[in-house]
Amino acid sequence: MKGDQIDNRRNLTNPQGVIPKTKIQSGSTKDLFPVVLDGGRTIIFISDRTKEKETIERYKNRGVVKT
């Protein structure tokens, strides 16, 4: 089957070394800071620690419609 992902991984022209680190770490919490929300029931991870308060406020106001 042409274009099969498993065959592409086995192909020597597609070595794992050229895959960007961001793609390999997809879903990883490495280098991210946890923000505890909703009394500990929700945890999200952000990359910029200085935006922790802004993130908490945005979470609290996520359902509020401003007119």
Checking LYS23 against (1) modelled with pLDDT under 65; (2) at positive phi, which test does it fail? (2)
Output the number of residues of the range 39-53 satisfying the condition of being within 18 Å of the chain's Cα centre (by Cα) and either part of a loop (DSSP other than H, G, I, E, B) or over 22 Å from GLY27 (Cα atoms) (or both). 2
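The values are calculated or read from the model by the stated rules, or taken from the named source; none is laboratory data. Keep in mind that this is a model prediction, so the values were computed, not measured.
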